[in-house]
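The values are calculated or read from the model by the stated rules, or taken from the named source; none is laboratory data. Treat the numbers as computed from the prediction; the structure is a model and nothing was measured. For neighbour counting, all protein chains shown are included, and Cβ atoms are generated from backbone atoms with ideal geometry for every residue, glycine included. Side chains included, ligands, DNA and RNA excluded: accessible areas come from the protein's heavy atoms. Shrake-Rupley method; radii C 1.70, N 1.55, O 1.52, S 1.80 Å.
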Amino acid sequence: MEDLRPDNNNDLHPPAHVDGGDPDDWSKEDDPMVEDRPPSATETPAPSFQDMKDEAQSSIQSLQLEPKGKDKEMSTHEEDEELDEKEENNKRHLNVVFIGHVDAGKSTTGGQILFLSGQVDDRTIQKYEKEAKDKSRESWYMAYIMDTNEEERVKGKTVEVGRAHFETDTTRFTILDAPGHKSYVPNMISGASQADIGVLVISARKGEFETGYERGGQTREHVQLAKTLGVSKLLVVVNKMDDPTVKWSKERFDEIESKMTPFLRSSGYNVKKDVQFLPISGLVGTNMKTRVDKSLCGWWNGPCLFEALDGLEIPLRDPKGPFRMPIIDKFKDMGTVVMGKIESGSVREGDSLLIMPNKSHVKVISIYCDERKVRCAGPGENVRVKLSGIEDEDILAGFVLSSVAKPIVAVTEFSAQLQILELLDNAIFTAGYKAVLHIHAIVEDSEIVELLSQIDPKTKKPMKKKILFVKNGAIVVCRIQVNNLISIEKFSDFPQLGRFTLRSEGRTIAVGKVMSLLP
């Protein structure tokens, strides 16, 4: 074997230093195996063969830029976090819920957005294509992206609303992919209650738009629920424009727009200000990241989907308000972790908070936003917060993480203004009527205790005559009672925590807002 030892000590030089630091220091800094020990009296200036071997190993580590020292790793990680926080703060954050009738293409459109924004690579897409082909569902492969993301995000726990993240130059988006089937409307409510803006996906395919729009179709119900739950801006995306029954037809696009506009107006949307229609193909990604080619669709002069999302303006939230975060889910991960969207105020590591309505005092250990650990988070952010001072079995979905100084109240009764949408089989709405109450993340059985007054739809003022019952379409002020304590707010103080829906036997009966909280 060739002898690697040098002929004299003058040939020894430390390797070229990557970061330009002190050359006398390089091996100790980068190699955790070299201990910081005082030289013994017997040591000679000439290094031993073992020293040289250590030096060689250290230089390789240095050149590969993979320091193994824990302190170095941690300090680099902290610096990265600070930079991430600064970078994140420069971009606004929006929650987008994808709603619409079953099979309109919501998950496919969400998956395509993630692919176009670089969140998913080609290799993964090829894998999903193969899986879909094996199941004879070739066109479903893009939807698999959202499904996989859902599983990853909650560590194997099933959450009915798919969740994923993407960014444009100015905005960070969280996609909330709501289920379209009528059996899962309660889950859609949970998704829409966390959203700032909505993307209503409509299928342009012949017959599919009509099925979703007709009475009993989910397009109508989803729009009404979205408005009630605080989705103030709506992008109506006419999908499947590349379908053989459509072929990017302007007539079909205009027909859908003309049918949807009066309905959107009657649901409470200002169509000119708050609604925008645009044509896309979610499966192939046309008119999504870049504008559609004129040779394919010569009549469209509007923006593509990414431009439309970037251009949406929503009201600013107050980062200094009292802290409110409805809890949508909880799990165990080396401690108790809760998930939710911050509706008001800000949270920092080390904060002492209150979980209502069970009045548990907790401390914030760490905060995760978009899978990234952060030191603080503001309103509008979807976060996971690790807490000490409580076990996960003591927390239920619908509990609220609240500031200690200005806590949210807990009540079993409140007065509300209701709009009756559709009673079952022309039933009458009167005291004693029972329905399921959905308010932020709360799902609770409720009962109408008393009808207080009916609102005149023209004057918007209470009518003088005493009422005992009302029918479809009426607007009424009433008292509602629930069995368990719930934490809610007046609509005038916190709109996000004061809007609700009443459902019965799988249908949305009424939508309303909390007027006052009764002790």
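Couple of notes before you dig in:
- In the set (1) out of contact with any Asp or Glu (no Cβ under 9 Å at 6 or more places or on another chain); (2) under 30 Å from Ala195 (Cα atoms); (3) not acidic (Asp, Glu), Lys461 fails one condition alone, (2).
- Residue in the range 454-476 that is closer than 28 Å to Lys341 by Cα and in contact with a Leu (Cβ under 9 Å, 6 or more places away or on another chain) present: no
- Selection status of Ser492, modelled with pLDDT under 95, among the hydroxyl-bearing types (Ser, Thr, Tyr) and either under 19 Å from Pro357 (Cα atoms) or open to solvent by 30 Å² or more (accessible area, probe 1.4 Å) (or both): yes
- Residue count, the range 363-395 (criterion: surrounded by 21 or more Cβ atoms within 10 Å (Cβ to Cβ) and over 24 Å from Leu176 (Cβ atoms)): 0
- Screening Phe414, Phe491 for residues that are touching a strand residue (DSSP E or B) at 6+ places or on another chain (Cβ under 7 Å) and not in a strand (DSSP E or B) leaves exactly one candidate, Phe491.
- Residue check, Leu396 under 21 Å from the mean Cα position of the chain (by Cα) and either over 23 Å from Leu94 (Cα atoms) or outside any loop (DSSP other than H, G, I, E, B) (or both): yes
- Restricting attention to the range 293-307 and to residues that are of a type outside the set (Phe, Trp, Tyr) and closer than 16 Å to Asp254 by Cβ, the residue that is least open to solvent (accessible area, probe 1.4 Å) turns out to be Cys297.
- Taken together, the residues in the range 305-344 that are of a type in the set (Lys, Arg), touching a strand residue (DSSP E or B) at 6+ places or on another chain (Cβ under 9 Å) and either under 23 Å from Val199 (Cα atoms) or not in a strand (DSSP E or B) (or both) amount to 2.
- Glu444 of a type in the set (Asp, Glu) and part of a loop (DSSP other than H, G, I, E, B): no
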